[in-house]
Amino acid sequence: MANEPTGSRLVRAVHGLSRLEPDPTYVVGLAEDLRRQYGREGLLELYGRFSQGYGGFDALMRRVLWRALARSCGAGLRVDPGAGFKHPETFEIGNGVFIGSDAYIQGRFDGSHRRPRVDWTAQLFRCASFGA
């Protein structure tokens, strides 16, 4: 067939190889403050306001709210619009984690759900680990 690819293509990792910067102190502080003020149910309601937006503030609030809801969260978390979850209080999120658009992550109601540095994307339905 004339339209079949004739060779292979190497696609280099982007998120897993990028330089990890520490989170600004205001991100950590805001997550802690919101956790104290709103509790789990209030944080879930707040997440609904920012879960679908494409603006910079929406992205910041998704990052802050995942941090506030998770058991632990490393630096450099990126959460794209449409990402959802169940039992986020069991998540132990590592450094440099990327959660793609429309990914849905379900924690364990009876324990913890650990993820080192990984990318989650809904389209692939798999996790690709890039180390801790």
So which residues in the stretch 39-57 are within 23 Å of residue 87 (Cβ to Cβ), in contact (Cβ under 8 Å) with a residue 12 or more places away in the chain and not polar (S, T, N, Q)? 40, 43, 44, 46, 47, 49, 50
Going by the conditions given, is residue 32 farther than 23 Å from residue 104 by Cα and over 15 Å from the mean Cα position of the chain (by Cα)? yes
Out of 49, 35, 62, 40, I need the residue that is basic (Lys, Arg) and either assigned to a loop (DSSP other than H, G, I, E, B) or crowded, with 19+ Cβ neighbours inside 10 Å (or both). Which one? 62
In the stretch 76-111, what residues are modelled with pLDDT of 90 or more and among the basic types (Lys, Arg)? 78, 86
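The values are calculated or read from the model by the stated rules, or taken from the named source; none is laboratory data. All values reported here derive from a predicted model rather than from experimental measurement. Please note: Cβ atoms are built from the backbone with ideal geometry, for glycine as well, and neighbour counts cover all protein chains shown.
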